[in-house]
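These notes are about the structure you will find just below.
Throughout, read-outs are computed from the coordinates displayed, never taken from laboratory work. Bear in mind the structure is a predicted one, so any value in this text is a computation, not a measurement. When we count neighbours, we look across all protein chains shown, and the Cβ atoms used for this are built from the backbone with ideal geometry, even at glycine.
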Amino acid sequence: MIKFGRCSLVISLVLIFLLVSGLTQLFAADTLVEVQKRGELLWGADAEGGAPYVYPDPQKPEQLIGFEHDLAEALAARLGVKARMVQNQWDQLIPALERGNFDIILNGLELTPEHRQQIAMSQPYYVYAEQIVKRKDTIGLARLEDLKGKPVGALSSTVAQRLLEQMGGTDLRIYPGNVESLRDLKARRIDAVVMDLPIALHYAKPDPELSFSGAPFAPGYYGIGVRKQDLQLLGALDQALSVLGRDKTLERIYRKYGLWDERQETLKDYRPEVVSDRKPVSTLREWPKYLPLLLRGAAVTVELSVLAMALAVVTGLVLVLVRLYAPVPLRWLARAYVEVIRGTPLLIQLFLIYYGLPEIGIRLNPFLAGIVGLGLNYAASESENYRAGIQSIPRGQTEAAQALGMNRWQTLRHVILPQALRVVIPPVTNDFIAMFKDSSIVSVITMVELTKVYGMLAMSTYDYIGLGLMTAAIYFALSYPASLLADRLEKSLSYDRR
Amino acid sequence: MIVVENLVKSYQSNRVLHGIDHMQQRGEAVVLIGPSGCGKSTFLRCLNQLELPDAGRITIGEVTITAGQPARIAEEKDQQRQLRLRAGMVFQSFNLFPHLTVLDNVTSGPRIVKAMSKEDAETLGRELLGKVGLDNKSEAYPGQLSGGQQQRVAIARALAMQPEVMLFDEPTSALDPELREEVLKVMRSLVEDGMTMIVVTHEMQFAREVADRVLFFDAGRIAEQGPPEQVFSNPQHQRTREFLSRVTTR
């Protein structure tokens, strides 16, 4: 019965989801009508490290600038409305558009067959090309093929990533933003970055340590993304773009940001190729293809969590011993460590360790940086668990040990810690299981673990539910045995069996 | 054997012991009585340095500790340990180590502090458990024993360090009346063996039977002392009379 109940719960959740998404598609009028009624065009983009597309003005950080910002203003003006940017992580723009978070995507979205299968795309507004960026002191690497066997960076789910994956043979690192990959390039963690020319022009060209390598290649178009059913909106956008091209507004905007080149003359020659509708992919039915990929990510998650937890358990013990028993200045240090680590986000700690430490000459690879970051973060929490455990042991235990003549270390080693151990097993296990899930955060420092694999596969298949269920099942299969093991350990250490 | 001179102890501004002087012969059993809060437990805990006195001097056997004098830390700690090795302590709440078996509780002191071999310590431990009548419980855990049994294990644990003095801090107060006798019996046998003892207790009958001398504590001072028949039958001090009439009519 229980089994049936759970199963039907999942099925009904899925049904509700399908029903709601179907209904909104059926009854929603064309978004163009809604935009005009609202008086606002909502455009989705990622302003984080988003120069020169859209980014906060360095002089006035509360204000956005960028060539796409100016383009959005011009487009909205043509439609007779105002433009408002909606911040969204770049590699999640398409799902967010389909969820209805905003009306259009205007953020360096390439006019590729893959994108045109998922959403409708306008005529192009910019011709980009790929550019290899290297350190000034590196020799060669002028062509894509030269990058084989080298550590190379690319922005997550870009054409650059796809080109490198198709070629194969490189040690490819995927970055969540543009700034991070160039930082790693300068920190000598990687030898080259392949990126869209506008990004390279903005970030890499002015940098004295970096230089362009070879000529731009693999040109392509940026287009505006809209939902497939919004045909009127698409038509209005195409028309507006044509006008902006003819009256040189586009050229003016691109010149303002130093992005105009002769390639832009080819914009008007664009002819869309016909793409077939995308077939819905059921990753659940094709699990033999997807599960191994997910499991490879899970292996990284396990390695990372186990090593980081080992570091946390040991460092936490040192911290608590220092905090409770060391001379006063050291005690304060241990306490300050715990408070600072607990009071700041793990994400920022990871960024500081991975991108900050190279500034003072400490260069950790992503795996090591992940272990150190997670481990030192959890150490603070473990030391608090231990402290609670140690302080739960009655004062009389210490007195009895002292009365026998034990010194402080003997008391701790033979009387206090063995009893505290049992008390702290449940909270430490809890942290270990939390670590499995928290470890997904290391994707920001280019680690590809289970959640990242899920994200990448979901983005290419659009089967968020099937992959999501598989991924959740893997996480559960990892954490449940951990809690069973802890149960058993706790029982085997129990001494008040009556 | 035991010499205490001018022992003073305060908690913040509250003076608990007002310069106690006490001398005790080897083999003498002394019982401390008095109302709660009179300082008798504090006095006992100062003797093995669980409380650090503010002033005064304590000598047990050949070891002397002078309180309140700035001393080199390491040497002071060593003196403290030497003193504790000579004084075994039994607590009101037993304070057995719950994660160790009865035998391991008894052998923990010799093995950890004196680095005695496992075999020697266990031989000694079994002998002492036999003495307190618990040789059949050596593999049990403290949680599986009654209060009276636990306190007997605690006595064996203290004896395992072969102390020169045994200090008892209300050893039967946490026990149900029917379990007290088994503990008192063990204590009586220790007196018969000639152990030097200081016992803080409310068991007047026990004091009357086994004490060589009774000390009546009142407000941080020894108000009266003498052989039990004298203190119990013919108390000299007004406060002693009041206290005895309260506890014996109960």
Based on the inverse mean of 1/r over its pairs of different Cα atoms, what is the Kirkwood hydrodynamic radius of region A:185-280, in Å?
16.7 Å
Please report Rg (one decimal) and Dmax (integer) in Å for the Cα set of region B:1-154.
17.8, 50
Per Stokes-Einstein, at 10 °C and 1.306 mPa s, what whole-number D in µm² s⁻¹ belongs to region A:405-498, with the Kirkwood radius over Cα pairs as the hydrodynamic radius?
97 µm²/s
Which value, in Å³ per residue, describes the convex hull spanned by the Cα atoms of region A:94-173?
124 Å³
Cα-centred dipole magnitude for the protein assembly as shown, charges only on beta-carbon of K, R (+1) and D, E (-1), debye, nearest 20:
320 debye
Measuring from the longest principal axis of the C-alpha atoms of chain A, the long axis of helix A:464-492 (C-alpha) lies at a number of degrees, nearest 10, equal to 10 degrees
Ordering A:227-234, A:262-269 by per-residue average of other C-beta atoms within 10 angstrom, highest first, gives A:227-234, A:262-269
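Net charge near A:Leu233: determine it from the other residues with C-beta under 12 Å of the C-beta of A:Leu233, scoring Lys and Arg +1 and Asp and Glu -1. Please list the in-between numbers first.
On the way: positive: A:Arg227, A:Lys228; negative: A:Asp30, A:Glu34, A:Asp103, A:Asp230, A:Asp238.
Local charge sum for A:Leu233: -3.
How big is the charge dipole of region A:117-234 about its Cα centre, in debye rounded to the nearest 20, if each Lys and Arg gets +1 on its Cβ and each Asp and Glu gets -1 on its Cβ?
Working: 15 positive and 13 negative charges, 23 e Å.
Dipole of region A:117-234, to the nearest 20 debye: 100 debye.
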Computed curve, region A:28-120, Cα-only Debye sum without solvent term, log₁₀ I(q)/I(0) at 0.15, 0.16, 0.20, 0.23 Å⁻¹, is -0.59, -0.67, -1.01, -1.25
Per residue, the convex hull enclosing the alpha carbons of region A:66-214 has a volume in Å³ of 116 Å³
Considering only C-alpha atoms, what is the centroid distance from region B:200-241 to region B:1-78, in Å?
20 Å
So for region B:101-250, taking the charge dipole from beta-carbon charges (+1 Lys/Arg, -1 Asp/Glu), which of B:Ser108, B:Gln238, B:Gln151 sits furthest toward the positive end?
B:Gln238
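Which links in A:Lys82/A:Lys205; A:Lys136/A:Lys205; A:Lys150/A:Lys186; B:Lys9/B:Lys114; A:Lys136/A:Lys452 stretch past 22 Å when you go from one Cα to the other? List each step's numbers first, then the result.
Numbers: A:Lys82/A:Lys205 33 Å; A:Lys136/A:Lys205 11 Å; A:Lys150/A:Lys186 15 Å; B:Lys9/B:Lys114 31 Å; A:Lys136/A:Lys452 32 Å.
Pairs exceeding the cut-off: A:Lys82/A:Lys205; B:Lys9/B:Lys114; A:Lys136/A:Lys452.
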Whole-Hz couplings from phi, Karplus 6.51/-1.76/1.60, listed for region A:340-357; x for Gly and Pro
5, 5, 5, x, 10, x, 4, 4, 5, 4, 5, 4, 5, 5, 7, 9, x, 4
Just want the ordering: B:His202, A:His414, from fewest to most Cβ atoms lying within 10 Å of their own Cβ.
B:His202, A:His414
Between helix A:67-79 and chain A, what is the angle of the helix's C-alpha long axis to the longest principal axis, kept within 0 to 90° and rounded to the nearest 10?
60 degrees
Shielding of A:414-421 by partner chains, average beta-carbon count, 10 Å:
3
Selection from A:Gly177, A:Leu352, A:Ala120 lying farthest towards where the dipole of chain A points positive, charges on Cβ:
A:Leu352
Taking every DSSP beta bridge with both residues inside chain A, roughly what % is antiparallel (nearest 5)?
55 percent
For the protein assembly as shown, compute Rg over Rh where Rg is the Cα radius of gyration and Rh is the Kirkwood radius from the inverse mean 1/r over Cα pairs.
1.21
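Mind checking Rg over Rh on region B:133-250, alpha carbons, Kirkwood formula for Rh?
A ratio of 1.01.
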Under a no-solvent Debye model with one identical scatterer per Cα of region B:130-178, what's log10 I(q)/I(0) at q = 0.16, 0.23 Å⁻¹?
-0.49, -0.95
Sorted from largest down, give the three principal axis spans of the alpha carbons of region A:133-219, whole angstrom values.
31, 25, 25
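Could you sort the peptides A:332-345, A:167-180, B:227-240 by per-residue average Cβ neighbour count (10 Å cutoff), highest mean leading? Please list the in-between numbers first.
Working: A:332-345: 13.6, A:167-180: 18.3, B:227-240: 15.3.
Going by the mean number of other Cβ atoms within 10 Å, highest first, we get A:167-180, B:227-240, A:332-345.
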For region A:222-323, what number results from the quotient of the Cα radius of gyration and 2.2 N^0.38 Å?
2.09
Efficiency of FRET between A:Ala336 and A:Asp137 - r from beta-carbon atoms, R0 45 angstrom, step 0.05
0.65
Förster radius 35 Å - calculated FRET efficiency between A:Arg38 and A:Lys228, Cβ distance, rounded to 0.05:
0.95
What translational D, rounded to a whole number of µm²/s, comes out for region B:103-198 from Stokes-Einstein when the hydrodynamic radius is the Kirkwood one over Cα pairs, at 4 °C and 1.567 mPa s?
95 µm²/s
Using alpha-carbon coordinates alone, the radius of gyration and Dmax of region B:1-75 in Å work out to 12.7, 38
Using just the Cα positions, wrap region B:167-207 in a convex hull and report its mean projected area in square nanometres, one decimal place.
2.7 nm²
Please report, to two decimal places, log10 I(q)/I(0) for region B:49-136 at q = 0.11, 0.14, 0.17 Å⁻¹ as given by the Debye formula with identical point scatterers on the Cα atoms and no solvent.
-0.43, -0.66, -0.87
Check which residues have an amide H placed less than 5 Å from A:Val86's amide H, if you skip close sequence neighbours.
A:Trp43, A:Gly44, A:Ala45
The size of the Cβ-based charge dipole (Lys, Arg +1; Asp, Glu -1) of region A:380-498 about the Cα centre, to the nearest 20 debye, is 500 debye
Which listed residue (A:Leu234, A:Gln419, A:Leu111) has the Cα farthest towards the positive end of the charge dipole for the protein assembly as shown, taking +1 on Lys and Arg C-beta and -1 on Asp and Glu C-beta about the Cα centre?
A:Gln419
Compute the length gained on full extension between A:Thr266 and A:Leu284: take 0.36 nm times their separation in residues and subtract their Cα-Cα distance, giving the result in nm to one decimal.
2.2 nm
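On a full-extension model of 0.36 nm per residue, what is the gain between A:Asn365 and A:Leu347, subtracting their alpha-carbon distance, rounded to one decimal in nm? Intermediate results must be reported in sequence, preceding the final value.
Details: separation 18, 0.36 × 18 = 6.48 nm, distance 1.66 nm.
This chain segment gains 4.8 nm when fully extended.
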